Amino acid sequence: MSKRIFLDGAFVDQENARVSVFDHGYLYGDGVFEGIRAYGGRIFRLDAHVDRLFASAKTVMLEIPYSKAEIIDLIREACRVNGLQDAYIRLVVSRGVGDLGLDPVKCPKPTVVIIADSITLYPDSLYRSGLKVCTSSIRRQRAEALNPQIKSLNYLNSILAKIEANQRGCQEVVMLSEEGFVAECSADNIFMVRGRKVITPAPHLGILLGITRSAVMDVARSAGYEVIETTFTRHELWNADEVFLTGTAAEIVSVVSIDERVVGDGKPGPVAADLLTGFRDLARRDGTLI
Ligand code: PXG
């Protein structure tokens, strides 16, 4: 069935949802986006996603032509007009149409797109068997070059890493900071478990501050785990009891092999399973009603 897409002020059929080739989102990857999920009629941490979108936009001096409250209403409407209770929502604000030069000043009107689609879930087998991952030779770029906290349309840093993962038969890829500390994955945050400690790279390492990361930290604290944000190397990761990844699409998924080192006993661990149960529980009762 044809989806209704929000594009520049109106909902249109997907066949008519077209953006100009002169849009700087297309020409330069100049823009910001969010990937958001709805569970059983509730949009998960919608305020946090919209806050992050506006923060990304502010840093790149892109003025979103709607208020936060209006964006929230439009996202809810995008779910309603497409009859979705469980959804993956992609919200994109690009610099808009300009000339062939990269100067954003020449782009007077940002393009706003909201796509609400049914969610393609990862196969259950992935959660049962766990992921094999490797470290990328591509480093996360330093904040002074392009701050990874900006969720921008420039994903080539992650895509170059993902290509390496594909070439090596891995489902995700660990990316290090410029100094060689564990930072995050191409489209997921990373955690390790040691006893009752749930440990994740600190924000200063140059990571996207994932909404799932933050929710998982909340779930872990309420379940009595000690949550630590710190700096660590691959040595600690290889020798952790458990490693798992978090992201809007993946939720929480265990890693069982990193750079050919088996993690723990080589099976998805109990802490990740415990946190996934807590996370799904939270997602089903907490969230903005569609
Ligand atoms: N780090 C990076 C670099 C990401 O791109 C996350 C962490 C997890 O953040 P959230 O807020 O989702 O917990 C992301 C997530 C997709 C998709 O379709 C997801 C992301 C980017 C592109 C596509 O799953 N980002």
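Tabulated data
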| quantity | calculated |
| --- | --- |
| Counted residues, region 163-184 - those being surrounded by fewer than 19 Cβ atoms within 10 Å (Cβ to Cβ) and closer than 26 Å to ALA57 by Cβ | 1 |
| Every residue from region 203-244 that is β-branched (Val, Ile, Thr) and outside any loop (DSSP other than H, G, I, E, B) | ILE211, THR212, VAL216, VAL219, VAL227, ILE228, THR230, VAL243 |
| Whichever residue in region 22-42 is more than 16 Å from the ligand (Cβ to nearest atom), under 20 Å from VAL105 (Cα atoms) and not in a strand (DSSP E or B) and, among such residues, is least open to solvent (accessible area, probe 1.4 Å) | HIS24 |
| Filter result for GLU178 (under 26 Å from GLU144 (Cβ atoms), part of a strand (DSSP E or B), acidic (Asp, Glu) and touching a Gly at 6+ places or on another chain (Cβ under 9 Å)) | no |
| Flag for VAL271 being in contact (Cβ under 8 Å) with a residue 40 or more places away in the chain and within 16 Å of the ligand (Cβ to nearest atom) | no |
| Residue check, PRO110 more than 24 Å from LEU282 (Cα to Cα) and either open to solvent by 10 Å² or more (accessible area, probe 1.4 Å) or touching a Gly at 6+ places or on another chain (Cβ under 7 Å) (or both) | yes |
| Residue ID - farthest from the ligand (Cβ to nearest atom), chosen from residues in region 197-229 that are in contact with a strand residue (DSSP E or B) (Cβ under 6 Å, 6 or more places away or on another chain) and polar (S, T, N, Q) | THR200 |
| Pairs, first without any contact (Cβ under 8 Å) to a residue 24 or more places away in the chain in region 91-120, second part of a loop (DSSP other than H, G, I, E, B), C-beta under 9 Å, six or more apart | VAL105/GLY98; LYS106/GLY98; LYS106/ASP99; PRO108/GLY96; PRO108/GLY98 |
| Sole exception among (1) within 14 Å of the ligand (Cβ to nearest atom); (2) buried (at least 17 other Cβ atoms within 10 Å of the Cβ) for ILE258, by number | (1) |
| Subset tally (residues that are away from the ligand (no atom under 14 Å from the Cβ) and open to solvent by less than 70 Å² (accessible area, probe 1.4 Å)) for region 134-160 | 2 |
| Qualifying residue in region 224-232 (condition: surrounded by fewer than 21 Cβ atoms within 10 Å (Cβ to Cβ), within 22 Å of the chain's Cα centre (by Cα) and aromatic (Phe, Trp, Tyr)) | yes |
| Selected residue [within 20 Å of the chain's Cα centre (by Cα) and open to solvent by 10 Å² or more (accessible area, probe 1.4 Å)] from ALA187, ALA220, ALA250, ALA215 | ALA187 |
| Some residue of region 65-80 being within 16 Å of the ligand (Cβ to nearest atom), hydroxyl-bearing (Ser, Thr, Tyr) and at pLDDT 95 or above | no |
| Condition check for SER186: in contact (Cβ under 8 Å) with a residue 12 or more places away in the chain and over 22 Å from ILE252 (Cβ atoms) | no |
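The values are calculated or read from the model by the stated rules, or taken from the named source; none is laboratory data. Just so it is clear, the structure is predicted and the values come from calculations on it, not from any experiment. Backbone-built Cβ (ideal geometry, glycine too); neighbour counts: all protein chains shown. Keep in mind that these areas ignore ligands, DNA and RNA; they rest on the heavy atoms of the full protein, side chains included. Shrake-Rupley method; radii C 1.70, N 1.55, O 1.52, S 1.80 Å.
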